[in-house]
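Please treat every number below as a calculation from the coordinates, not as lab data. What you see is a predicted model, and the numbers here were worked out from it, not measured in a lab. Because the Cβ atoms are built from the backbone with ideal geometry, glycine has one as well, and the counts that use them run over all protein chains shown.
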Amino acid sequence: MADKKSKTTSMDIGIEAADREKIVKGLSAFLADSYLLYLMTHNFHWNVTGPHFNSLHNMFMQQYTEQWTALDEIAERIRALGHPAPGTYKQFIALTSIKEVDGVPKSDDMIRHLIEAQEATARTARALLPVADEANDQPTADVLTQRLNVHEKTAWMLRSLLQG
């Protein structure tokens, strides 16, 4: 009976368990960065003020909505690799490379914080790409490549707001 159970719960997707574990470690950090970025963007959406309120409020909403969808994709990739996805603030704080923002910054500082967070999230994704490639994990590489495109483009658009 135990043998039957082990056969139905074992995983053989062509990626060794040790490689899956390395990938999941990186994806967990990426999920944490992505979640902190989502939270920061949503916070700034709620609290932005100033002469560009409407455009920033709407832009931040588009960004956090897109980011929210990405969280699910990243977490589900972790699950598909056979591991639980982190899902608590305690776990995210331990895993993230993004620094939390205290208080409510001015709108230009919000933009600067978001640029830094977008770029930090991109760096986390980029650092994991060689690990996924080495393990022949195309689905993870695909998720990372798509997310890199979003984070780099969003950082560029945010930087453009600060150019005179």
Scan the helices (runs of 4 or more DSSP H) fully inside the stretch 1-105 and keep the ones with 3 or more residues being of a type in the set (Gly, Ala, Ser). 17-47, 53-80
Mind checking which residues of the stretch 87-105 are of a type in the set (A, V, I, L, M, F, W, C), over 14 Å from the mean Cα position of the chain (by Cα) and within 15 Å of residue 29 (Cβ to Cβ)? 94
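For every residue, the table says whether it meets (1) without any contact (Cβ under 8 Å) to a residue 12 or more places away in the chain; (2) among the small types (Gly, Ala, Ser).
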| residue | (1), (2) |
| --- | --- |
| 70 | no, yes |
| 80 | no, yes |
| 92 | no, no |
| 118 | no, no |
| 126 | no, no |
| 130 | yes, no |
| 136 | no, no |
| 145 | no, no |
| 162 | no, no |
Which residue is farthest from residue 100 (Cα to Cα), if the candidates are limited to the stretch 36-66 and must be within 13 Å of the chain's Cα centre (by Cα) and crowded, with 17+ Cβ neighbours inside 10 Å? 63
For residues in the stretch 106-119 being under 17 Å from the mean Cα position of the chain (by Cα) and surrounded by fewer than 19 Cβ atoms within 10 Å (Cβ to Cβ), which is nearest to residue 149 (Cα to Cα)? 119
